[in-house]
Amino acid sequence: MSGVTLRNVKKNFGSVEVIRDVDITIEEGEFCVFVGPSGCGKSTLLRMIAGLEETTSGTIEIGGRIVNDLNPSQRGTAMVFQTYALYPHMTVERNMGFGLLMNGVSKSLVKEKVAKAARILQIEKLLDRKPKQLSGGQRQRVAIGRAIVRDPEVFLFDEPLSNLDAELRVATRLEIAKLHSQLRGATMVYVTHDQVEAMTLADKIVVLRDGRVEQVGAPMDLYNNPANVFVAGFIGSPKMNFVDVNHGQLPDGRVLRLDGPNAASVATIGFRSDSLKPADQGNGMISAKVSVVERLGDAEYVHFQTPWEQELVARFPPEAEVGLDATFEFELSGKIHFFDANGRALANVMLASGAVAKPV
Amino acid sequence: MSDTAVASSRSQKVFLTPRRKRQITSIILAGICAVWVYPLIWMIAASFKPNSELFSNQSMIPIDPTLENYIRAWTEANLQRYFFNTLFVTVGSVVITTLAAALAGYVLGRRAFPGKWVLMGLMVFTLFIPQGYTIIPIFQLLTNLGIGQSLWGLMLATCGHNIVIFMLLFAGYFTQIPKELEEASRMDGVGPVKTFWYVMLPLAKPIVVTVVVMQALMAWNDFLLPLVITLANPAMRTLSVGIYSFKGEHFVDWGGMTASSTIAIVPIVLLFLFLQRYFIDGLAGAVKG
Ligand SMILES: Nc1ncnc2c1ncn2[C@@H]1O[C@H](COP(=O)(O)OP(=O)(O)OP(=O)(O)O)[C@@H](O)[C@H]1O
Ligand SMILES: [Mg+2]
């Protein structure tokens, strides 16, 4: 088993740059998730690792070998496609064993390997069926089974759950996590645009935007210390609240007093929904009028409007009975993120005590 | 109970109930069908009548049924020979045409290469040239290749008739197959030839059947091309040309002709009955796609 290293990797489709200078190191046995908005180049990057797309420049290394010029089948990777890509006219068993059979592996050995993979995925009873006779989740397992049978060094998944319904998606997500620990040492690269999937599955998340790496790190790393506004907004649900700071002033003109060497560069402050705490009348920092309440059972997300008409969201405990159009005052407690005019995170800044005058 | 009562009382008033409409339609269709198959039935019936009875006996059913026509056709008129000539030309051209059209259609449908659209355009253009104009050049070409006087030559020339349309059928079908299937087999280390043979061609089964049936029909019944190519070489005649020879200058052997025509159509009817279901699927699929 082995890791994957991308160095200065670029990809052009004609004159369009789709991947621009990407460096990523994926350790052996790691579960690495590429996440980013639609069209950012996740699939392209994965397909480049698989060898289904050529690499315009840069090197791709798998297990210490540079694989740029190797065929997909020689790279030690196996891919699970979003659409499953099962051969419709073959039984499940043949689907899983097809590659090995075509490459001259003996029938008995193939049968054994298929049976073993089927046992891991609990699809032994389905081996004689055709893909048409399977549910979406079962097809997904067969597709994963086809990858397992090849005994790859690196598993590549391209949005494998996006065709499943919500409930099945959660269940299959857990199974993939289980599979990763079961296939000890298998490196997995997983593409998704769903940050929850990324957070729950990954050892390492790579956030991509417009063909560039925005940040690489462990899930909680990205959650707690986003490198920029984009990552801060992308990771975590609900989205982080951002408030513009213009020459030290909040949008309503009140002065926001900050301490620290970088205080003067702050252009945006960010805070998650749980950093907003209701304050006593007259002592808060932001006054709010409730517009929507989402009750999730374990929490209530209260969306509210600030006096400068921005929508922000605060997390309340489940039993809080917040009514529509109620008014609140909030103070900021907990982690506050500061960003400069280019969206980059700033360290060494904090709110000064009594940072803002009472709310307007 | 009351429902049926209402329905029947209504049907007494309305003459054209849906059920009656269906019956009338069926009768009309059956009538048309009868007109359609009458010549065929007449021919088959006549083939069992001795020549003397052929025009005197107005009834369909032979008074004195005989296999004499068949024996005469099969042995004396050399139909045996023509039958196997036709079989050779048909089977050979079906195999070659289907494979060639599928391979070409696969590349046209799924690969991008420079000049693809020019090539497609040229091939489609050939559809507009009437067959009659190309027969002499084809004959010339075969002669230059040294196969102008052989069944192989006839068979190869027969492949050319509809191959462009078949290729386009395949190309259209292969275009719809998701590219992930090929990518999956590439990841599996299966080469392009095996991918074509084990993945793509089986998926194109409806088109394969359509092409097999249409090419078989065409090759089996073809007249003009085998007539021209076998003019100097009667031993190479196919059934359709051979049957024509029952019509001598002064005398037409109607009995022999009906018997040999029956021999000629039976295999093709059997093939169609055998592949009918797939054939209709294929045509429907081709229209959809
Ligand atoms: N074959 C191609 N030719 C030209 N441009 C392409 C091709 N494939 C992808 N692109 C472009 O490359 C960019 C990245 O595509 P890619 O499929 O990698 O995005 P993605 O991150 O996987 O998005 P999604 O989440 O929607 O799947 C897109 O702008 C897309 O239009
Ligand atoms: Mg994608």
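The values are calculated or read from the model by the stated rules, or taken from the named source; none is laboratory data. No experiment lies behind these values; they were computed from the predicted model shown. Because the Cβ atoms are built from the backbone with ideal geometry, glycine has one as well, and the counts that use them run over all protein chains shown. To get the accessible areas, we keep the full protein, side chains included, count just its heavy atoms, and leave off ligands, DNA and RNA. Shrake-Rupley method; radii C 1.70, N 1.55, O 1.52, S 1.80 Å.
Counting only residues that are buried (at least 21 other Cβ atoms within 10 Å of the Cβ), more than 17 Å from residue A:77 (Cβ to Cβ) and more than 8 Å from ligand 1 (Cβ to nearest atom), the range A:23-59 holds 1 of them.
Within the range A:204-216, is even one residue in contact with a helix residue (DSSP H, G or I) (Cβ under 8 Å, 6 or more places away or on another chain), open to solvent by 60 Å² or more (accessible area, probe 1.4 Å), within 16 Å of ligand 2 (Cβ to nearest atom) and within 14 Å of chain B (Cβ to nearest Cβ)? Taking every residue of the range A:204-216 in turn, none turns out to be in contact with a helix residue (DSSP H, G or I) (Cβ under 8 Å, 6 or more places away or on another chain), open to solvent by 60 Å² or more (accessible area, probe 1.4 Å), within 16 Å of ligand 2 (Cβ to nearest atom) and within 14 Å of chain B (Cβ to nearest Cβ). What do you reckon, is residue B:225 surrounded by fewer than 18 Cβ atoms within 10 Å (Cβ to Cβ) and more than 12 Å from chain A (Cβ to nearest Cβ)? No. If you filter the range B:198-218 down to residues that are open to solvent by 50 Å² or more (accessible area, probe 1.4 Å) and more than 10 Å from chain A (Cβ to nearest Cβ), you find that the one that is farthest from residue A:49 (Cα to Cα) is B:217. Going by what's in this entry, would residue A:289 be described as touching a residue at least 40 places away in the same chain (Cβ under 8 Å) and within 30 Å of residue A:319 (Cα to Cα)? The answer is no for residue A:289.
What number of residues within the range A:231-256 satisfy the criterion of being of a type in the set (A, V, I, L, M, F, W, C) and either free of Cβ contacts under 8 Å to residues at least 12 places away in the same chain or touching a Pro at 6+ places or on another chain (Cβ under 9 Å) (or both)? I'd like the intermediate steps shown before the answer.
Kept after step one, since they are of a type in the set (A, V, I, L, M, F, W, C), are these residues of the range A:231-256: A:231-232, A:234-235, A:240, A:242-243, A:245, A:250, A:255-256.
Those left that are additionally either free of Cβ contacts under 8 Å to residues at least 12 places away in the same chain or touching a Pro at 6+ places or on another chain (Cβ under 9 Å) (or both): A:232, A:234-235, A:240, A:243, A:245.
Here the count works out to 6.
Only residues that are within 16 Å of ligand 2 (Cβ to nearest atom) and within 14 Å of chain B (Cβ to nearest Cβ) were counted across the range A:1-45, and they come to 3. Is there a residue being farther than 17 Å from residue A:190 by Cβ, at pLDDT 95 or above and within 16 Å of ligand 1 (Cβ to nearest atom) anywhere in the range A:3-10? Among the residues of the range A:3-10, at least one is farther than 17 Å from residue A:190 by Cβ, at pLDDT 95 or above and within 16 Å of ligand 1 (Cβ to nearest atom), which makes the answer yes.
For the range A:132-147, the candidate set comprises residues that are in contact with a helix residue (DSSP H, G or I) (Cβ under 7 Å, 6 or more places away or on another chain) and open to solvent by less than 20 Å² (accessible area, probe 1.4 Å); within that set, the residue that is nearest to ligand 1 (Cβ to nearest atom) is A:140.
When you go through A:75, A:129 one by one, which is the residue that is buried (at least 17 other Cβ atoms within 10 Å of the Cβ) and more than 16 Å from ligand 1 (Cβ to nearest atom)?
Details: A:129 fails: buried (at least 17 other Cβ atoms within 10 Å of the Cβ).
After applying the criteria, what remains is A:75.
For the range A:89-114, a residue qualifies if it is within 22 Å of residue A:50 (Cβ to Cβ), open to solvent by less than 60 Å² (accessible area, probe 1.4 Å) and within 7 Å of chain B (Cβ to nearest Cβ), and the qualifying residues are A:98, A:99, A:102.
Of the residues making up the range B:48-90, those that are in a loop (DSSP other than H, G, I, E, B), of a type in the set (Ser, Thr, Tyr) and in the same structural domain as residue B:267 (by TED's automatic domain parsing) number 0. Of the residues B:119, B:168, the single one that is in a helix (DSSP H, G or I), open to solvent by 70 Å² or more (accessible area, probe 1.4 Å), more than 18 Å from residue B:236 (Cα to Cα) and modelled with pLDDT of 90 or more is B:119. Scan the range B:64-102 for residues that are of a type outside the set (S, T, N, Q), open to solvent by 40 Å² or more (accessible area, probe 1.4 Å) and touching a Phe, Trp or Tyr at 6+ places or on another chain (Cβ under 7 Å) and the total you get is 1.
Take the conditions (1) part of a strand (DSSP E or B); (2) closer than 30 Å to residue A:131 by Cα; residue A:60 misses just one of them, which is (2). Looking only at the range A:275-303, count how many residues are surrounded by 16 or more Cβ atoms within 10 Å (Cβ to Cβ) and out of contact with any Phe, Trp or Tyr (no Cβ under 8 Å at 6 or more places or on another chain). Number of matching residues: 2. Within the range B:174-184, is even one residue away from chain A (no Cβ under 14 Å), open to solvent by 50 Å² or more (accessible area, probe 1.4 Å) and in contact (Cβ under 8 Å) with a residue 12 or more places away in the chain? The answer is yes; a qualifying residue exists.
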